[in-house]
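Since the structure comes first, as structure tokens, the remarks are kept for the end.
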Amino acid sequence: MKNFLFILLFFSAYLSSCQDSSVVESAEKKWIDEKDKLRVLCTTEMVASLVSSVADDKIALLVLIKGELDPHSYEPVKGDEEKLFYADLVFYNGLGLEHGPSLRNYLQGQEKAVAISKDLLEVHSQRLIEIDGAVDPHIWMDISLFSEGIKVIERVLKEKDPLHKEIYQKNAVLAYREFQEKHQSILELVWQLPENKRYLVTSHDAFNYFAYAYLATEEEKKNGSWKQRVMAPEGLAPEGHLSLHDIKNVVEHLRRYKIPCLFPEANVNKDAINKVLSASLEKGMEVSISRFALYGDSMGEEGKERGSYFRMLEHNAQSFVQEMSKPSKEEIE
Ligand SMILES: [Zn+2]
């Protein structure tokens, strides 16, 4: 009987996985066969959220790098070439995020590929953060910064699909306003924590914009010391190479700012964070790992409907506040 149940469970799991992949295939086929709407391909779920806030249902939208896949190193897989070929427009993050060689070459060589960070780079470059000489591509971590992409998307959609010009314009105005409101609400949420608790340590360097926008004081933004608000053992792209020196630096940072909690990231290996934890505990420090992983380069659950980008930021902010507001042993005594 047990064997029978096992086989039954196995087959039902097998059938549901077949169903899942056939659902994905049919959605992709439907997108390729789309005749009436503009076929728009977005590299990441975050870019797709921004695009759908302007386009709503007036375009056929498909995401290239889904789920927990790493956008930094992503290389096209079987079936992707077809998507890139059939797309009327490709929106990507830019600023070096998509740096897998084949994808990067494709994006740079195609007129139909547009970086949503175009205006940031060309008009507001002072708002971009540089880390070790490279521009930090994680702009979605600051809603007000990411919302600058709305204007780029609006311009391109109006040009490619002038029939819906007025709708794009109206949606863009509403979306821009909504993004500013969400930005403010995240700021208010995080600032429930006192200044001395607003320090974030995560797996990789994805949270610089988050720290600048939501953790730092105005004074720190002016004098550059906001950088102390965030630290990660791994660099801008998680690569898994970690020296003893890197670990020592993070441990020292935890001690200096009395940071009690390390935050793992949903799509990044936890080795680096675990190494920092062991090294801190060895030194007798009071440090633990957060119960909740943060979303750095992925949005977690399927981000089809509008708003899951906001949910991702809210999740990060709420998790941070919840863990960092726990009193330390010292404070209890
Ligand atoms: Zn990243």
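What follows is calculated from the coordinates using simple rules that are stated; it is not laboratory data. Source: prediction; values computed, not measured. Positions of Cβ are backbone-derived with ideal geometry, glycine not excepted, and every protein chain shown enters the neighbour counts.
Some observations on this one:
- Members of the range 183-226 found to be assigned to a loop (DSSP other than H, G, I, E, B) and among the charged types (D, E, K, R), listed by number: ARG198, ASP205
- Test: residue in the range 236-246 that is touching a residue at least 40 places away in the same chain (Cβ under 8 Å) and either more than 16 Å from LEU200 (Cα to Cα) or more than 16 Å from the ligand (Cβ to nearest atom) (or both): yes
- Of ASP136, ASP70, all but one fail to be acidic (Asp, Glu), surrounded by fewer than 22 Cβ atoms within 10 Å (Cβ to Cβ) and touching a Pro at 6+ places or on another chain (Cβ under 8 Å); the exception is ASP70.
- When LEU62, LEU97 are checked against the criterion of being crowded, with 16+ Cβ neighbours inside 10 Å and within 16 Å of the ligand (Cβ to nearest atom), a single residue qualifies: LEU97.
Matching residues to (1) within 16 Å of the ligand (Cβ to nearest atom); (2) of a type in the set (Lys, Arg); (3) touching a helix residue (DSSP H, G or I) at 6+ places or on another chain (Cβ under 9 Å):
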| residue | (1), (2), (3) |
| --- | --- |
| LEU193 | no, no, yes |
| THR202 | yes, no, yes |
| PHE207 | yes, no, yes |
| LEU215 | no, no, yes |
| GLU219 | no, no, yes |
| LYS222 | no, yes, no |
| TRP226 | no, no, yes |
| ALA232 | yes, no, yes |
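- Residue within the range 238-253 that is under 16 Å from the mean Cα position of the chain (by Cα) and not in a loop (DSSP other than H, G, I, E, B) present: no
- Members of the range 103-150 that are hydrophobic (A, V, I, L, M, F, W, C), closer than 22 Å to VAL40 by Cβ, within 16 Å of the ligand (Cβ to nearest atom) and free of Cβ contacts under 8 Å to residues at least 40 places away in the same chain: none
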